[in-house]
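Participant: First the structure, then my questions, so here it is.
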Amino acid sequence: MKSIQYIKFLVIASVIIIASQSIHAQSRYFDERYLYTQAHLSPQLINPGAYGSTPQQQILVNYRNKWSGIDGAPSTLTLSYNGPVGNGIGIGVNVLSDRFGSLETTKGAFGVSYSIKSPTNQIGFGISAEYIKHGLSGFGNADPLDPLIGLGLAGAEYFDATFGVYGTYMDRLTYGLSLPSVISSRITEIVTDTLDREVGIILQAGYKVEVQDDITMTPSIILKKLANVPTHLDLNLVFGFLDDKLLGGASYTLGADKRLGFLIGTKMEKLNLFYSYNTSSNLIQDYNSGSHELTLGVNFGGK
C-alpha cells in the first residue's frame, strides 16, 4: 500500500514539475508523437506526408492507456481522418486529448499533402498546422489563488507547423521523414521567460517480405528525436497471415521507456483493428499492469 501511495506521489509531483515547465518555457512539456507504438501501421498519426497515401478514405480512433492501474496515469485519445481528394492531393485531420493526472493537453491538426506517383514509387509531401493547449483541470487541495496554479489553470497555447515526407516503393519498402514543430510559436504570452525549443525529427523505414504463401514479414524502425523526450528507436516486427487479414508481432524501444510490446490485429478492406500491450524496464513497471493501445480504422469510398 505504501508503495502505491509513493507512486501516486511521484505522479502528482511530476505533474507539478511538468506543468511549471510548460508555463515558464517556450517548449511544450513533451511531443505527443512519442506515445504511439502503432505508428508503423498508421503513419498518418506522426507524418502529414502519409495523408491520402491509400486509395480509400479512413477514419481512425486510437486510445492509449499508459501505466494502467495507477490513478492519474497518462491516457490519450486520438481521432483522425485522412484520404485522397483527387489530383494527387490528400487531406488529414487529427484531434487529440491527453491527460496525465491534472495536466491536460488538447491538440487539433489539419494538413494537406501532395503525392507524386510512378509505376514503382509513390511519394507524398505534406504539411500540417497544429493548435496545442496545455493546462490544468483542478488541482486537488491546492490553493486556487496560488499564482503558479492560476497560470496552469489558464493554460498555455501554441501554434505549430509540421512537415513530412512519406513514400512507398514497389509496395514493399516504406520510408518517411517528419519534422515535428518545424515552426513553433506561443499564442498566449502570459510570462516573459521563454526558452527556445528544438525542432524534432522522425525517421521511419520498413520492408515487407513474403516468407511463403499467405505469410509475410515486415521489419521496420522508427527513430524519434522529439521535444523533452529522450531520443529513442522503435524496432518493430509484424507477421501477416491470410493476405494480412491476421497480424501479429512484437516491438522493442531502445531508449526512453525501454518498451517491450506485443501486437495482434486484423487488416481488411473496410476495417483495421490493432491491439498492443507494452511493458517497460523502468522501476515504475513494478507498480502498474503495463500499457495498452487500441486502434480502430474504418475505410470507405475512394476519392
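The values are calculated or read from the model by the stated rules, or taken from the named source; none is laboratory data. Treat the numbers as computed from the prediction; the structure is a model and nothing was measured. All Cβ positions, even for glycine, are placed from backbone atoms using ideal geometry, and neighbour counts span all protein chains on display.
Participant: Kindly indicate which of Thr231, Thr216 is part of a strand (DSSP E or B), surrounded by fewer than 14 Cβ atoms within 10 Å (Cβ to Cβ), of a type in the set (S, T, N, Q) and touching a residue at least 24 places away in the same chain (Cβ under 8 Å).
Facilitator: None of the others qualify; the one that does is Thr231.
Participant: Would you tally the residues in region 219-228 being touching an Asp or Glu at 6+ places or on another chain (Cβ under 6 Å) and outside any strand (DSSP E or B)?
Facilitator: 1
Participant: Let me ask something additional. Taking region 268-303 on its own, how many of its residues are modelled with pLDDT of 85 or more, charged (D, E, K, R) and touching a strand residue (DSSP E or B) at 6+ places or on another chain (Cβ under 6 Å)?
Facilitator: The total comes to 2.
Participant: Here's a follow-up. Does Leu247 satisfy the criteria of being at pLDDT 95 or above, under 15 Å from Asn62 (Cβ atoms) and not β-branched (Val, Ile, Thr)?
Facilitator: No.
Residues checked against (1) in contact with a Lys or Arg (Cβ under 7 Å, 6 or more places away or on another chain); (2) among the small types (Gly, Ala, Ser):
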{"position": "Val85", "(1), (2)": "yes, no"}
{"position": "Leu103", "(1), (2)": "no, no"}
{"position": "Gly108", "(1), (2)": "no, yes"}
{"position": "Pro119", "(1), (2)": "no, no"}
{"position": "Ile123", "(1), (2)": "no, no"}
{"position": "Ile127", "(1), (2)": "no, no"}
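Participant: I would also like to ask the following. Looking only at region 33-53, count every residue that is in contact with a helix residue (DSSP H, G or I) (Cβ under 9 Å, 6 or more places away or on another chain) and β-branched (Val, Ile, Thr) and tell me the total.
Facilitator: 1
Participant: Which members of region 56-97 meet the condition of being crowded, with 17+ Cβ neighbours inside 10 Å, over 20 Å from the mean Cα position of the chain (by Cα) and over 29 Å from Phe125 (Cβ atoms)?
Facilitator: Ile70 - this is the single residue of region 56-97 that is crowded, with 17+ Cβ neighbours inside 10 Å, over 20 Å from the mean Cα position of the chain (by Cα) and over 29 Å from Phe125 (Cβ atoms).
Participant: Next up: Out of the strands (runs of 3 or more DSSP E) lying entirely within region 248-303, which hold 1 or more residues that are in contact with a Lys or Arg (Cβ under 8 Å, 6 or more places away or on another chain) and free of Cβ contacts under 8 Å to residues at least 24 places away in the same chain?
Facilitator: 259-267, 271-280
Participant: Need the failing condition index for Thr76 against (1) touching a Lys or Arg at 6+ places or on another chain (Cβ under 6 Å); (2) modelled with pLDDT under 90; (3) among the hydroxyl-bearing types (Ser, Thr, Tyr), just the number.
Facilitator: Thr76 satisfies all of (1) touching a Lys or Arg at 6+ places or on another chain (Cβ under 6 Å); (2) modelled with pLDDT under 90; (3) among the hydroxyl-bearing types (Ser, Thr, Tyr) except (2).
Participant: Another question about this same structure. Mind checking which residues of region 207-239 are among the polar types (S, T, N, Q) and over 18 Å from Gln38 (Cβ atoms)?
Facilitator: Hits for region 207-239 are Gln212, Asn228, Thr231.
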